[in-house]
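The values are calculated or read from the model by the stated rules, or taken from the named source; none is laboratory data. Source: prediction; values computed, not measured. Glycine gets a Cβ as well: all are built from the backbone with ideal geometry, and neighbour counts include every protein chain shown. Only protein heavy atoms, including side chains, enter the accessible area calculation; ligands, DNA and RNA are left aside. Shrake-Rupley method; radii C 1.70, N 1.55, O 1.52, S 1.80 Å.
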Amino acid sequence: QQPHVKPELRDVFTVFIQPKVQVDLNGREASHKEVLELLNNIMLLIKSEASIQKGHIRQMIVDDKGLVIMANFGLRGSTFPNM
């Protein structure tokens, strides 16, 4: 038997964040350390701010066009391990 869940309407917001940083993963391991450290610091900062506002990071994309982070706010029960 499933618990009774009441339907609800809520506002859900998705925010796209594009930090203006140079991301060049060129295949040379030596230069990747600085870039990966920068990406990690950006993710930790955004995660912290999203958490304060009761949101979470949905996705972080790094490709040849740069860096984009998607964050969601207003979702009920959205928790994931290691986030």
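Before moving on, here are some points about what is shown:
- Count of residues meeting criterion [modelled with pLDDT of 90 or more and open to solvent by 50 Å² or more (accessible area, probe 1.4 Å)] in segment 59-72: 3
- When restricted to residues that are out of contact with any Gly (no Cβ under 9 Å at 6 or more places or on another chain), among the β-branched types (Val, Ile, Thr), open to solvent by less than 100 Å² (accessible area, probe 1.4 Å) and modelled with pLDDT under 90, segment 1-54 contains 2.
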